[in-house]
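Right, one structure below, let's go through it.
Where a number appears in this text, it was derived from the coordinates with a stated rule and is not lab data. The shown structure was predicted, so the numbers you read here are calculated from the model rather than taken from an experiment. FYI the Cβ positions are ideal-geometry reconstructions off the backbone, even for glycines, and counts take in every protein chain you see.
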Amino acid sequence: MEFETWWLLSIPIFFSLGWIAARIDIKQLVSESRSLPKGYFKGLNFLLNEQPDKAIDAFIEIVTLDPETVELHFALGNLFRRRGEIERAIRVHQNLLARPDLPLEYQVHSQYELGQDYLKAGLLDRAEETFNLLVDTQYGAQARRALLEIYQREKDWTRAIDAARALQESGAGGRQKEISQFYCELAQDELVHTHPDAALDLLEKALHADRKNARASILMGDAQLARGDIEAALLAWRRVEHQSVPHVALVAQRLMDGYRAVGRPLEGVNLLKFYLTEAPSIDLLEVVFKAVLEMDGVEAANQLVSNELRRTPTLLGLDKMLEGRLLNASPEVRPELSLVKDLVHGYTQKLARYQCSHCGFKARQFYWQCPGCSQWETYPPRRTEELNVMT
């Protein structure tokens, strides 16, 4: 009974304490809001009404009258950068760094924002210098990512490898796929300058970083071919099927040419036919069609396309079938068939593109790095229509 009486008496006490705390919070909130410049609310109102230009003018007025508003400087600088007014964003962040009384935390933040400004403006040398100063700060991971982006833009693949490894070692996630691609870029440069042995050394490192890198095997075959070793080239190109069967379409013509060169064209055709059953592809069908046409004639080539069209019905396949039919069409049928072929071909040009799975960027040729979003290995080795049929 005593406990219940005490409990009843405690309720008004707790209620009073809550009321006092609420009053203190309200007074503090009112005090803080009164300390804010009037222009702040004016600018906020413009933003809410989707009038960014007037909002910027209001915020600039506050910053001019009250230079202590550090956070507002950051907000204003970011707003300038998003609007593409990079010069104004740079000035805002440089003005902050020029203040001798700026606390260290804000100095580092200003440095990071300034680096972002330089990066957005394409001033890569200044951005690199700025981000290098931030590697050992709380912005270390962001700075390393920015440096990796800079080296890729500059196509400085050696430093990109070092930056990717540093980022990986800092605990920011695996970068083996990118490192492998960077080695491929270096190897491709060596092949352009006819240094196949140097390219092979780099490609071994690429495969050590990522055993599933089909591009490394394709380039390794190219390097062996440049050295005059066709059998070694064929072995390298065939390795692609163990890494990614769909990617054999990218190396099909190389394989067919290689088997012709060593006097075993039938082996090459049979291998590509097998790949076609495992991973249907219009690009692979194109190579097999031409090889069968050369070796076995028009009827065999047409039968191949017809069978493939029944298995994977696409307009791209229909275009190829009409091409085959035209080869042995009678003079009476040829004009009409040619007209249909031209109409279908004109439409399929829109479908015969590769599409990035990350950003959706479409391209006529295959890319290992997307030109739109700069991501690596985001292009499936099939045309857009084929992907739609598969899904």
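What is the Cα centroid distance between segment 231-296 and segment 124-142, reported in whole angstrom? Using only Cα atoms to place each centre, the spacing works out to 47 Å. With each label modelled as a point 7 angstrom along the Cα→C-beta vector, the LEU123-ASP201 pair spans 3.9 nm. Please give the FRET efficiency for ARG91 paired with VAL245, using the beta carbon to beta carbon distance and R0 = 56 Å, rounded to the nearest 0.05. Between ARG91 and VAL245 the formula returns 0.55. In a fully extended conformation the segment linking ARG82 and LYS177 would gain 31.1 nm over its present Cα-Cα distance, using 0.36 nm per residue. Between GLN253 and SER357, residue separation times 0.36 nm minus the direct Cα-Cα distance comes to 34.9 nm. Pairs exceeding a 31 Å alpha-carbon distance, out of LYS177/LYS290; LYS212/LYS362; LYS120/LYS177; LYS155/LYS290: LYS177/LYS290; LYS155/LYS290.
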